[in-house]
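**Q** Let me begin by handing over the structure; questions about it come next.
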Amino acid sequence: MQDFVFQNSTKLIFGKEKEQLVGQESVVFGKKVLLHYGGGSIKKTGLYDRVVQSLLEQGIEIFELTGVQPNPRVSLVREGIALCKEKSIDLILAVGGGSVIDSAKAIAAGVKYDGDVWDFFDGKAEVTDCLPIGVVLTIPAAGSETSEGTVITNGDGWYKRSTGHPTMRPKFAILNPILTYTLPAYQTACGITDMMAHILERYFTNEKSVELTDRLCEAALRTIINNAHTVLEDPTNYDARAEIMWSGTIAHNDLLGTGRIGDWGSHDIEHEISGIYDIAHGAGLAIVFPAWMKYVYKHDLNRFAQFANRVWDVEIDLNNLEKTALKGIEKTEAFFHSIGMPVRLTEANIGEEHLEQMAKKGTERGPLGNFVKLHENDVLQILKLAL
């Protein structure tokens with residue numbers, strides 16, 4: 001087990017009607033709040049009105065910035081930075097899913113920086129401070145509500161890049177599973193895939209003595225798998241929604257990565273796909289992860305066989321670990337397909353025309369991943385496996 005420091009300072013408020021507490025949580029940080037969200041869905045559900053009422057009851061002045069897209073754009077981030085500086089904003093309140101939260105984090109960091117915010121994502125500068133961030137989560141998926149990272153897309157060259165810093169962890173996050181009842185099935189499935197991928201990135205490690213976190217990862221994966229079809233077939237099942245929502249947070253709050261070095265190559269490859277094609281992150285991960293597994297599984301047959309056995313109940317064939325490993329990969333791919341995810345690039349209407357470009361862009365700052373180091377040709381071969 002690797003040495004580690006684990007500290008997650010986000011205050012989590014979980015349960016029914018907890019969004020009504022957003023005003024009293026926000027006022028701790030000041031009287032001027034930037035309310036950041038996507039489109040009109042929070043207004044249709046009444047969430048917007050409840051949040052605004054709670055803020056106004058605390059005497060908070062509200063400024064709004066809407067229009068966050070999936071794969072959030074740096075252009076809107078720059079707009080938010082200018083607004084925060086102009087209005088002397090005290091707190092950014094993200095009401096939405098991972099895209100909204102990531103956009104809020106980038107704005108919060110950019111406010112404290114004199115240069116262009118893209119410098120953080122391009123490796124030219126490091127985040128050192130940011131405005132406080134609060135969250136009302138509506139889409140369990142990215143885990144951004146307690147993480148220290150953010151991912152932003154730049155339309156100039158269609159780069160999708162990440163950055164992070166401990167100050168980016170939201171000060172508080174409100175999680176009410178009922179707010180997820182109205183999510184479309186496809187969006188729910190994308191979220192399920194995203195949170196599973198966060199666990200898998202940590203699970204496939206070269207560190208050997210990590211039994212506790214192995215078991216925690218496996219338990220979280222099984223919980224998501226056990227509840228996935230329930231929430232898709234019965235969207236208002238509170239207990240199943242709660243299990244999925246909490247799993248999404250646990251998947252990416254850094255607990256499951258303690259004492260181990262995760263991989264993250266699949267995420268980086270997916271960023272190249274969604275950076276160009278703008279597909280949902282979860283859908284891209286459903287395509288990339290099985291292909292990555294097929295390319296690297298021989299690196300550690302024991303770990304892949306363990307994964308197949310403990311997560312998918314595949315009986316270990318001691319005489320043929322490769323068979324066991326491949327069965328686990330097959331079941332992973334089949335599960336993604338069963339919840340409505342594409343598992344091939346062609347299923348997402350993506351052809352071969354940009355494969356070489358994506359492989360080159362993805363590795364221009366060095367090889368990807370840690371479980372197996374992936375160079376340009378490795379990434380290209382994985383993308384070809386994903387066709």
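The values are calculated or read from the model by the stated rules, or taken from the named source; none is laboratory data. Treat the numbers as computed from the prediction; the structure is a model and nothing was measured. Note: ideal-geometry Cβ built from the backbone for every residue, glycine included; neighbour counts use all protein chains shown.
**Q** May I ask you to list pairs of residues, at least six apart or on different chains, whose Cβ atoms are under 9 Å apart, with the first in the range 359-385 being within 27 Å of E347 (Cα to Cα) and among the hydroxyl-bearing types (S, T, Y) and the second being at pLDDT 95 or above and crowded, with 23+ Cβ neighbours inside 10 Å?
**A** Taking only residues 6 or more apart or on different chains, the pairs are T363/L374; T363/V379.
**Q** Now a separate question. Can you give me the number of residues within the range 17-64 that are in contact with a Pro (Cβ under 9 Å, 6 or more places away or on another chain) and not in a helix (DSSP H, G or I)?
**A** Total meeting the criteria: 2.
**Q** Does the range 65-73 include one or more residues that are more than 26 Å from D254 (Cβ to Cβ), hydroxyl-bearing (S, T, Y), within 26 Å of the chain's Cα centre (by Cα) and not in a helix (DSSP H, G or I)?
**A** Yes; the residues of the range 65-73 include at least one that is more than 26 Å from D254 (Cβ to Cβ), hydroxyl-bearing (S, T, Y), within 26 Å of the chain's Cα centre (by Cα) and not in a helix (DSSP H, G or I).
**Q** Within the set of pairs 6 or more residues apart or between chains, which connect a residue that is without any contact (Cβ under 8 Å) to a residue 60 or more places away in the chain inside the range 3-32 to a residue that is hydrophobic (A, V, I, L, M, F, W, C) and not in a loop (DSSP other than H, G, I, E, B) with Cβ atoms less than 6 Å apart?
**A** Close Cβ pairs (under 6 Å, with a partner that is hydrophobic (A, V, I, L, M, F, W, C) and not in a loop (DSSP other than H, G, I, E, B)) amount to G23/L55.
**Q** Take N349 and decide whether it is under 18 Å from C217 (Cβ atoms) and surrounded by fewer than 19 Cβ atoms within 10 Å (Cβ to Cβ).
**A** Judged against the criteria, N349 is not a match.
Yes/no matrix, rows are residues, columns are (1) among the acidic types (D, E); (2) within 23 Å of C217 (Cβ to Cβ):
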position	(1), (2)
D313	yes, yes
F336	no, yes
E376	yes, no
L380	no, no
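One line per residue, one yes/no per condition, for (1) surrounded by 14 or more Cβ atoms within 10 Å (Cβ to Cβ); (2) in contact with a Phe, Trp or Tyr (Cβ under 7 Å, 6 or more places away or on another chain); (3) not assigned by TED's automatic domain parsing to the domain that holds T146:
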{"residue": "M1", "(1), (2), (3)": "no, no, yes"}
{"residue": "F4", "(1), (2), (3)": "no, no, yes"}
{"residue": "K18", "(1), (2), (3)": "yes, no, no"}
{"residue": "L21", "(1), (2), (3)": "yes, no, no"}
{"residue": "E25", "(1), (2), (3)": "yes, yes, no"}
{"residue": "F29", "(1), (2), (3)": "yes, no, no"}
{"residue": "H36", "(1), (2), (3)": "yes, no, no"}
{"residue": "G40", "(1), (2), (3)": "no, no, no"}
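**Q** Please find, among D119, D156, D129, D102, the residue that is assigned to a loop (DSSP other than H, G, I, E, B) and either aliphatic (A, V, I, L, M) or modelled with pLDDT of 95 or more (or both).
**A** D129
**Q** Now for a separate question. For K160, all conditions in the list (1) of a type in the set (K, R); (2) in contact with a helix residue (DSSP H, G or I) (Cβ under 7 Å, 6 or more places away or on another chain); (3) within 19 Å of V28 (Cβ to Cβ) hold save one; what is the number of the exception?
**A** The number of the failed condition is (3).
**Q** Name every residue in the range 216-248 that is polar (S, T, N, Q) and without any contact (Cβ under 8 Å) to a residue 24 or more places away in the chain, in order of residue number.
**A** Residues satisfying the conditions are N226, N227, T230, N237.
**Q** Can you tell me which residue within the range 235-292, out of those that are of a type in the set (D, E, K, R) and part of a helix (DSSP H, G or I), is farthest from the chain's Cα centre (by Cα)?
**A** Per the criteria, the residue is D239.
**Q** Moving on. Condition check: hydroxyl-bearing (S, T, Y) and assigned to a loop (DSSP other than H, G, I, E, B). Does T213 satisfy that?
**A** no
**Q** Also, quick follow-up: Every residue in the range 104-132 that is touching a residue at least 40 places away in the same chain (Cβ under 8 Å), surrounded by 22 or more Cβ atoms within 10 Å (Cβ to Cβ), under 27 Å from R202 (Cβ atoms) and more than 17 Å from the chain's Cα centre (by Cα), please.
**A** Scanning the range 104-132 gives A108, A109, F120, V127.
**Q** Can you tell me which condition A386 does not meet? The list is (1) out of contact with any Lys or Arg (no Cβ under 9 Å at 6 or more places or on another chain); (2) closer than 19 Å to L200 by Cα, and all the others hold.
**A** A386 satisfies all of (1) out of contact with any Lys or Arg (no Cβ under 9 Å at 6 or more places or on another chain); (2) closer than 19 Å to L200 by Cα except (1).
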